[in-house]
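Contents: one structure, followed by commentary.
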Amino acid sequence: MTSSSSAQYVSAGRGKYPLKGPRMAGSVALVSTTRGDRRSSSMTALLDATAEILSEATRIEASLSEISKRSGVNSAMVKYYFGDKEGLFLALLDRDAEAAMRALSELVAMDMPAARKLQIHIQGIINSYQRSPYLNRLIHYVSESANPEISARIARAFIRPMMEAYRSIIAQGVAEGTLQDVDPGLLYYALVGAADHMFFASYSVQTTLGVREITPAIKQRFIDLMSTVFLKGLTP
């Protein structure tokens, strides 16, 4: 049987049955959908496994064998789906950026006072760094090891949307008389740096807080403190 004729058959149990006309088209679509689902499932498993490994590490280190074992997907699929491990890291950043920046954009568009938006953002960014403590480390790693085009892509995905959001919130707060007219770039460094460090340096909480891990109660205390410091500090 030639390759062209075998394309008109699909396995069904132990036998193969010829497909013609609309039935063939529908079956091919079903096979294509199934393959697409498997591809999506495998890619998600690889991304999830990489995120878990990086969350547990203090450096950006994740071997292909470890990713494969954790995900249950053959390590060769990293090259097939992402090109190489750096491509996998970049895809993970893209996934994180899409979710986080979409939420931030929706927050800015909400009909509420600027100070409340900032308070919600503080809570959101702390939750994000708890879920993905590797985030800033991975951004630095990819930016420093990649070509300028990749670095610019990361800036477009993460930094620019946050700067636009901060400009909007500050401008609204100034108009409402509730926030000082501060440099949004300096606010970015102050807020991101403060929110990230406790999760980036989680090894230090035994010394600083006297606990072995960051509990939900500690995280909420941190959110409350950050909200107080920034909102009172930015009050005119």
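For segment 189-218, name all the residues that are in contact with a Phe, Trp or Tyr (Cβ under 9 Å, 6 or more places away or on another chain) and among the charged types (D, E, K, R).
Hit for segment 189-218 is Asp196, nothing else.
Check Ala91, Ala99, Ala115, Ala76 and return the single one that is among the aliphatic types (A, V, I, L, M), within 17 Å of the chain's Cα centre (by Cα) and either surrounded by fewer than 16 Cβ atoms within 10 Å (Cβ to Cβ) or over 22 Å from Ser42 (Cβ atoms) (or both).
Ala99
Go through segment 135-153 and report how many residues are more than 12 Å from the chain's Cα centre (by Cα) and part of a helix (DSSP H, G or I).
To start, the set of residues in segment 135-153 that are more than 12 Å from the chain's Cα centre (by Cα) comprises 137, 140-153.
Keeping just the survivors that are part of a helix (DSSP H, G or I) gives 137, 140-145, 148-153.
Going through segment 135-153 one residue at a time, the tally reaches 13.
Taking segment 106-121, which residues are in a helix (DSSP H, G or I) and in contact (Cβ under 8 Å) with a residue 24 or more places away in the chain? Full working, then the answer.
Filtering segment 106-121 down to residues in a helix (DSSP H, G or I) leaves 106-109, 114-121.
Leu107, Val108, Ala114, Ala115, Lys117, Leu118, Gln119, His121 - these are the residues of segment 106-121 that are in a helix (DSSP H, G or I) and in contact (Cβ under 8 Å) with a residue 24 or more places away in the chain.
Output the residues belonging to segment 179-236 that are part of a loop (DSSP other than H, G, I, E, B), more than 30 Å from Glu56 (Cβ to Cβ) and of a type in the set (Ser, Thr, Tyr).
Thr235 - this is the single residue of segment 179-236 that is part of a loop (DSSP other than H, G, I, E, B), more than 30 Å from Glu56 (Cβ to Cβ) and of a type in the set (Ser, Thr, Tyr).
So if I check each of Ala165, Ala171, Ala194, which one is modelled with pLDDT of 95 or more, open to solvent by 30 Å² or more (accessible area, probe 1.4 Å) and not charged (D, E, K, R)?
Exactly one of Ala165, Ala171, Ala194 is modelled with pLDDT of 95 or more, open to solvent by 30 Å² or more (accessible area, probe 1.4 Å) and not charged (D, E, K, R), namely Ala171.
Only one of (1) surrounded by 15 or more Cβ atoms within 10 Å (Cβ to Cβ); (2) touching a Phe, Trp or Tyr at 6+ places or on another chain (Cβ under 8 Å); (3) at pLDDT below 90 is not met by Arg39, so which one is it?
Against the list (1) surrounded by 15 or more Cβ atoms within 10 Å (Cβ to Cβ); (2) touching a Phe, Trp or Tyr at 6+ places or on another chain (Cβ under 8 Å); (3) at pLDDT below 90, Arg39 comes up short only on (1).
Using the structure shown, decide if Glu86 is open to solvent by 20 Å² or more (accessible area, probe 1.4 Å) and modelled with pLDDT of 95 or more.
So Glu86 does not fit the description; no.
With respect to Gln123, determine if the residue is open to solvent by 30 Å² or more (accessible area, probe 1.4 Å), within 13 Å of the chain's Cα centre (by Cα) and within 15 Å of Leu191 (Cα to Cα).
When the stated conditions are applied, Gln123 does not pass them.
Tell me which of these Arg131 doesn't satisfy, since it passes every other one: (1) under 22 Å from Ser202 (Cβ atoms); (2) under 13 Å from the mean Cα position of the chain (by Cα); (3) open to solvent by less than 30 Å² (accessible area, probe 1.4 Å).
Evaluating Arg131 over (1) under 22 Å from Ser202 (Cβ atoms); (2) under 13 Å from the mean Cα position of the chain (by Cα); (3) open to solvent by less than 30 Å² (accessible area, probe 1.4 Å) leaves (3) as the failure.
Mind checking which residues of segment 122-134 are part of a helix (DSSP H, G or I) and in contact with a helix residue (DSSP H, G or I) (Cβ under 6 Å, 6 or more places away or on another chain)?
Ile122, Gln123, Ile125, Ile126, Ser128, Tyr129, Gln130
The values are calculated or read from the model by the stated rules, or taken from the named source; none is laboratory data. Note that the structure is predicted; figures quoted are calculated from it, not measured. Every residue, glycine as well, gets a Cβ built from its backbone with ideal geometry; the counts of neighbours run over all protein chains shown. For the accessible areas, the whole protein counts, side chains as well, though only heavy atoms, and no ligand, DNA or RNA atoms are used. Shrake-Rupley method; radii C 1.70, N 1.55, O 1.52, S 1.80 Å.
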